[in-house]
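The values are calculated or read from the model by the stated rules, or taken from the named source; none is laboratory data. Owing to the predicted nature of the structure, the values given are computational and were not obtained by experimental measurement. Here the Cβ positions follow ideal geometry from the backbone for every residue, glycine too, while neighbour counts run over all protein chains shown.
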Amino acid sequence: MASVEYLQQTKQTSARHRRVSAWLQAMPLTLTFAIFFIVPLAITLIVSFWDFNEYQIIPAFTLKNYAAIFDGCGSLTDVCVTIKTYWSTLRFCAIVWAVTLVLGFTIAYFLAFHIRTTAMQTVLFLVCTIPFWTSNVIRMISWIPLLGRNGLVNQALISAHLVDQPVEWLLYSDFSVVLAFVHLYTFFMIVPIFNAMMRIDRSLLEAARDGGASGWQVIRDVVLPLSKTGIVIGSIFVVTIVMGDFLTVGVMGGQQIASVGKIIQVQTGYLQFPAAAANAIILLAAVLMIVWALTRAVDIRKEL
């Protein structure tokens with residue numbers, strides 16, 4: 001009887017030690033997450049309910065920051081500025097997501113299934129990282145000599161007699177903003193999809209081909225379903241970055257295109273921190289809803 005009690009106590013002690021050990025292992029990451037995410041988010045939420053004027057921030061509870069954001073949105077005959085701005089941001093997000101998904105999936109498929117050696121895969125991965133060798137601003141400015149009114153693209157089109165005068169919409173337009181986004185963030189789609197594809201058992205592909213499946217059927221029925229985890233993760237990366245981006249929209253849009261991130265940046269520039277915080281909270285809520293919708297497609301925790 002004593003030995004049974006001793007064994008039970010030993011098991012309980014061992015279980016406590018494992019729990020304590022698990023907490024100690026998780027503590028550094030938990031503290032980092034709390035300090036750099038939870039605390040700033042809580043401060044932003046608190047400040048969003050503060051008042052302000054031209055000279056100072058007033059720590060007094062008010063809802064006017066949120067009311068100002070949705071001012072005029074109750075009208076049935078006109079669309080308020082907030083809805084127009086979110087629609088513009090979501091439109092950019094959807095286009096960039098679709099383009100980066102097609103490019104990312106294609107490039108990842110080529111690297112995973114057509115490049116046989118690890119060395120060559122590494123070299124091509126380094127080629128994909130070339131846009132990250134310089135700052136975002138330099139990468140965006142590099143498009144101006146190409147897409148400008150007197151840029152190389154317009155000169156080539158005029159020389160080939162395809163157009164009579166320079167094409168204006170190549171730069172400082174929706175097209176240039178989407179092009180810059182795709183240039184900057186396609187790599188964020190390539191990496192998770194490539195990782196998911198590398199985990200696919202190659203014997204499944206061979207079995208599908210032996211069963212008479214065409215190349216497109218193998219991609220549609222085997223590769224695509226088994227890569228959905230990487231697709232969702234890459235989509236989350238791209239969507240969250242594009243939704244909050246203001247620098248790309250400002251530079252490539254010529255300061256003429258509105259986005260939610262641009263509004264927040266302008267408000268902080270004018271020291272309207274409570275209004276900017278309110279916009280940031282609403283943007284965060286919108287992004288979280290999009291992420292939630294994406295994660296409904298696959299259980300990322302189970303797949304990983």
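Condition first: under 17 Å from P145 (Cβ atoms) and either touching a residue at least 12 places away in the same chain (Cβ under 8 Å) or surrounded by fewer than 12 Cβ atoms within 10 Å (Cβ to Cβ) (or both). Now tell me which residues in the stretch 170-200 satisfy that. Write out each step before concluding.
So in the stretch 170-200, the residues under 17 Å from P145 (Cβ atoms) come out as 170-173, 175-176, 179-180, 183.
Scanning the stretch 170-200 gives L170, L171, Y172, S173, S176, L179, A180, H183.
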Point to revise | Residues satisfying the stated conditions in the stretch 142-157, i.e. in contact (Cβ under 8 Å) with a residue 12 or more places away in the chain and assigned to a helix (DSSP H, G or I) | key: I144, L147, V153, N154
Revision key, fill the gap. Looking across the stretch 201-222 at residues that are free of Cβ contacts under 8 Å to residues at least 60 places away in the same chain and within 29 Å of the chain's Cα centre (by Cα), the single one that is farthest from G148 (Cα to Cα) is D201
Point to revise | Residue identified as more than 30 Å from A196 (Cβ to Cβ), of a type in the set (A, V, I, L, M, F, W, C) and either surrounded by fewer than 22 Cβ atoms within 10 Å (Cβ to Cβ) or out of contact with any helix residue (DSSP H, G or I) (no Cβ under 7 Å at 6 or more places or on another chain) (or both) among F237, F246 | key: F246
Check your understanding: Among the listed residues F187, F194, which satisfies the condition of being out of contact with any Cys (no Cβ under 6 Å at 6 or more places or on another chain), among the hydrophobic types (A, V, I, L, M, F, W, C) and under 23 Å from A98 (Cα atoms)?
Key -> F194
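Wholly within the stretch 158-218, which helices (runs of 4 or more DSSP H) include no fewer than the required count, namely at least 2 residues that are farther than 28 Å from T229 by Cβ? Write out each step before concluding.
Values: elements: 174-198, 202-210, 215-218.
It comes to 174-198.
Report yes if Y6 is at negative phi and modelled with pLDDT of 85 or more, otherwise no. Explain how you work it out, then say what you get.
On the way: at negative phi: yes; modelled with pLDDT of 85 or more: no.
No; evaluated as a whole, the condition is false for this residue.
Among the candidates V232, V191, V222, which residue alone is among the β-branched types (V, I, T) and closer than 21 Å to F132 by Cβ? Explain how you work it out, then say what you get.
Details: V232 fails: closer than 21 Å to F132 by Cβ; V222 fails: closer than 21 Å to F132 by Cβ.
Just a single option satisfies the conditions, and that option is V191.
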**Study point:** Any hit, the stretch 231-243, residues being within 15 Å of L184 (Cα to Cα) and either charged (D, E, K, R) or over 13 Å from the mean Cα position of the chain (by Cα) (or both)
**Key:** no
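Can you find, within the stretch 116-141, the residue that is surrounded by the fewest Cβ atoms within 10 Å (Cβ to Cβ) among those that are outside any helix (DSSP H, G or I) and β-branched (V, I, T)? Full working, then the answer.
Start the filter on the stretch 116-141 by keeping residues that are outside any helix (DSSP H, G or I), which leaves 116-117, 129, 134-135.
Then drop every residue that is not β-branched (V, I, T), which leaves 117, 129, 134.
Details: T117: 8, T129: 11, T134: 11.
Going through the qualifying residues, I end up with T117.
I'm checking my understanding of the structure. Among residues of the stretch 215-225 that are out of contact with any helix residue (DSSP H, G or I) (no Cβ under 6 Å at 6 or more places or on another chain) and crowded, with 17+ Cβ neighbours inside 10 Å, which one is farthest from P192 (Cα to Cα)?
Start the filter on the stretch 215-225 by keeping residues that are out of contact with any helix residue (DSSP H, G or I) (no Cβ under 6 Å at 6 or more places or on another chain), which leaves 215-217, 219-221, 223-225.
Restricting the remaining residues to those that are crowded, with 17+ Cβ neighbours inside 10 Å gives 219, 223.
Working: I219: 17, V223: 14 Å.
Among those that are out of contact with any helix residue (DSSP H, G or I) (no Cβ under 6 Å at 6 or more places or on another chain) and crowded, with 17+ Cβ neighbours inside 10 Å, it is I219.
Quick grid of which residues meet (1) closer than 15 Å to M197 by Cα; (2) modelled with pLDDT under 90; (3) exposed (fewer than 12 other Cβ atoms within 10 Å of the Cβ); (4) among the polar types (S, T, N, Q):
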{"residue": "I95", "(1), (2), (3), (4)": "no, no, no, no"}
{"residue": "L101", "(1), (2), (3), (4)": "yes, no, no, no"}
{"residue": "A108", "(1), (2), (3), (4)": "yes, no, no, no"}
{"residue": "H114", "(1), (2), (3), (4)": "yes, yes, yes, no"}
